[in-house]
């Protein structure tokens, strides 16, 4: 299997690319690549590039671009998932990694009434996203926003805007029913461990969000976000 590396767009120039130091170290010290080897490099903005390595030494790793494709591994829709920051950082990081695999285009850490954690480690999160992008064969790195207040995110535009909420006494739509038709872009919001408050649900509905059900069982917050992303992958990715 051909190795996949990451290099940002500014690393490309005149048909050549220089790998970042950490990627170069992995190529030389771990994978023992040599000049003449072919590898795949993704740039995180939709570029997939097949390279022939020309320089592989302690001074750096450079290669010549042999082939370029666009949006390899990307779904035909754009899904943004807003998930409230979780009390356990590891659970939020699990969501980040799996969201990449499921084709999520943008991630918004939400600050809600019941959010107990207000920050995360952005550099560590970015490393997780890059590693997941390379592993799963995508060419676009999901946009990771800084934490944003729930009320602010309600004004974000999208063709389909959904709020995942388990309260049984409210009218809800089935997510799979809503995804029977093609969706260009969507925004899905998922609350923290305690869920959204009644006031937040009312605010979302007043802003035009539809409340959706993810089934009869109570799901952990990160599981609910991944189930929603999976529904898009299953219902929309084949269109």
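Every read-out reported here was derived from the displayed coordinates using simple, explicitly stated rules and does not represent laboratory data. Remember, predicted model here, so these are calculated numbers, not experimental data. So basically every Cβ, Gly included, is an ideal-geometry build from the backbone, and we count neighbours across all protein chains shown.
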Residue 131 to residue 14: extension gain in nm, 0.36 nm per residue of separation minus the Cα-Cα distance?
-> 39.5 nm
Determine the relative contact order of the chain: mean sequence separation of Cα pairs under 8 Å and six or more apart, normalised by residue count, in whole percent.
-> 20 percent
Starting with the fewest neighbours, write out 93, 38 ranked by other beta-carbon atoms found within 10 Å of each beta-carbon.
-> 38, 93
Can you figure out the FRET efficiency of residue 207 with residue 174, using R₀ = 22 Å and their beta-carbon distance, to the nearest 0.05?
-> 0.55
Give the order of 217, 34 when sorted by the count of other beta carbons within 10 angstrom, beginning with the fewest.
-> 217, 34
At 0.36 nm per residue, minus the direct Cα-Cα distance, what do residue 156 and residue 90 gain on full extension? Give it in nm, one decimal, please.
-> 21.0 nm
Distance between Cα centroids, the range 139-165 to the range 177-239: provide it in whole Å.
-> 11 Å
Pair residue 234, residue 116: separation of 7 Å Cα→Cβ label points (nm) = 3.1 nm
Applying 1/(1 + (r/R0)^6) with R0 = 25 Å to the Cβ-Cβ distance of residue 193 and residue 45, what FRET efficiency is obtained, to the nearest 0.05?
-> 0.15
How much FRET efficiency would the formula 1/(1 + (r/R0)^6) give for residue 57 and residue 123, where r is the Cβ-Cβ distance and R0 is 35 Å, rounded to 0.05?
-> 0.80
According to a simple spin-label model (label point 7 Å from Cα along Cα-to-Cβ), what is the distance in nm between residue 65 and residue 30?
-> 2.5 nm
Counting helices only, and only those DSSP H runs with n ≥ 4, report the 222 nm mean residue ellipticity of the chain as the sum of -39,500 (n - 2.57) divided by its residues, in deg cm²/dmol to the nearest 500.
-> -8000 deg cm²/dmol
Over the chain, what is the percentage of antiparallel beta bridges among all DSSP beta bridges, to the nearest 5?
-> 40 percent
From the Cα gyration tensor of the chain, with a ≥ b ≥ c the square roots of its eigenvalues, which class applies: rounded if a/c is under 1.5, or else prolate if a/b is larger than b/c, or else oblate?
-> prolate
The range 154-239, Rg to Rh (Cα coordinates; Rh as Kirkwood inverse mean 1/r) = 0.93
Where a ≥ b ≥ c are root eigenvalues of the Cα gyration tensor, a/c under 1.5 meaning rounded, otherwise prolate if a/b exceeds b/c and oblate otherwise, the range 68-165 counts as oblate
Prolate/oblate/rounded label for the range 4-70 (Cα gyration tensor, a/c 1.5) | prolate
For the chain, the longest principal axis of the Cα atoms and the Cα long axis of helix 221-236 enclose an angle in degrees, to the nearest 10, of 70 degrees
